[in-house]
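Only one structure is covered here, and it is reproduced in the block below.
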Amino acid sequence: MQPREHLANAIYKAEGSALVAFLTAGYPEPKNFLNILNEISCEADAVEIGVPFSDPMADGVTIQRSSQSAIEQGVSLKWILEQLAERDTQKNTPLILMSYLNPLIAFGFDKLASKAMEVGISGFIVPDLPYEESKPFKQSLNKVGIALIQLVTPATPTTRLREVCAASEGFVYAVTRTGITGRTTQFPEDIANYLALVTNTSTVPVCAGFGVRERKQVKLISEHADGVIVGSALVEALERGENPTTFLKGLRL
């Protein structure tokens, strides 16, 4: 089974709605990265690992803060891949790397795809890479069967939505609202219709995120999508020293 199929299957086969958990690599402390990752992997159906970046334009204050801290402590894409190479491979939870484009270009697409496959990466999310410009990176990932996950928003026109969903692999990332991650604003009133449209359009699972903090939000999304993505709220829980497994269990339905 190719990595992208492993990811899609994990979302589809989850009990209830799948839970995709985000953490910033190396935060709060690099020495605890693998331990935290393994704990999260015990509860989440897939794990999104954020590659720290100096200008994370799609991210809110929490992830910006965690990213800057990780950078100051020496965390980089190369460091993350080296750490993952030492990970307990018995855990079968799919891993996704979320990175802005510049670190990927600097590493080299083919080299990165090969290394990512070696360390068990199933997919990539690149928020500043429009799907129209994604062909070179996607070609590299296709060689090793890794997914390039595309993002859509409530503002995505219907024609473009069809195109983006057709291009996405692993799952479609349905952003619940415009803006940046982590803000506590409510979901749009028509979120149910929006998620239904994305789900009916996509041939791969649909996972929704941005601003998910409470169990009632998980319940709402679960009624209309295959999975829920939790990011800033989990990062803040780690900052407070909470057990990530316990935190994620509290969001499960």
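Laboratory data are not the source of any read-out in this text; all were calculated from the coordinates shown. In this text, all values refer to a predicted model and were calculated from it rather than measured experimentally. All Cβ positions, glycine included, derive from the backbone under ideal geometry; neighbour counts span all protein chains shown.
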Net charge (Lys, Arg +1; Asp, Glu -1) of residues whose beta-carbon lies under 13 Å from that of Lys219, Lys219 excluded, is +2
Environment charge of Tyr100, counting only residues whose C-beta is closer than 12 Å and scoring Lys/Arg +1, Asp/Glu -1:
-3
Listed residue pairs exceeding 23 Å between alpha carbons, taken from Lys91/Lys216; Lys31/Lys78; Lys91/Lys219; Lys13/Lys143
Lys91/Lys216; Lys91/Lys219; Lys13/Lys143
Quick check on the stretch 63-184: take the gyration tensor over C-alpha atoms, sort the square-rooted eigenvalues as a ≥ b ≥ c, and tell me if it's rounded (a/c under 1.5), prolate or oblate.
oblate
Filtered hits (lysines, Cα-Cα < 18 Å from Lys138, offset >= 8 within chain) -> Lys111, Lys115
Identify which of the listed values of semi-axes √(5λ) of the Cα gyration tensor in Å was calculated from the structure shown: (1) 84, 18, 13; (2) 24, 22, 17; (3) 35, 25, 20.
(2)
Check which residues have an amide H placed less than 5 Å from Ala208's amide H, if you skip close sequence neighbours.
Ala174, Gly227, Val228, Ile229
Of all the stretches in the chain, which is the longest one without any exposed loop site, taking GluC sites (Glu not before Pro) in a DSSP loop (any state but H, G, I, E, B) with at most 15 other Cβ atoms within 10 Å?
87-188
Candidates per trypsin sites (Lys or Arg not before Pro) in the stretch 147-253, loop by DSSP, up to 15 other Cβ within 10 Å
Arg183, Arg240, Arg252
Per DSSP helix of 4 or more residues, -39500 (n - 2.57); summed, then divided by the residues of the chain. What does that give at 222 nm, rounded to the nearest 500?
-12500 deg cm²/dmol
Mind listing the long-range amide H neighbours of Met98? Cut-off is under 5 Å, sequence gap 5 or more, other chains count too, H placed in the peptide plane at 1.01 Å from N.
Ile49, Gly50, Val51, Ile125
Here the net charge surrounding Leu77, from other residues whose Cβ is less than 12 Å away from its Cβ (Lys, Arg +1; Asp, Glu -1), is +2
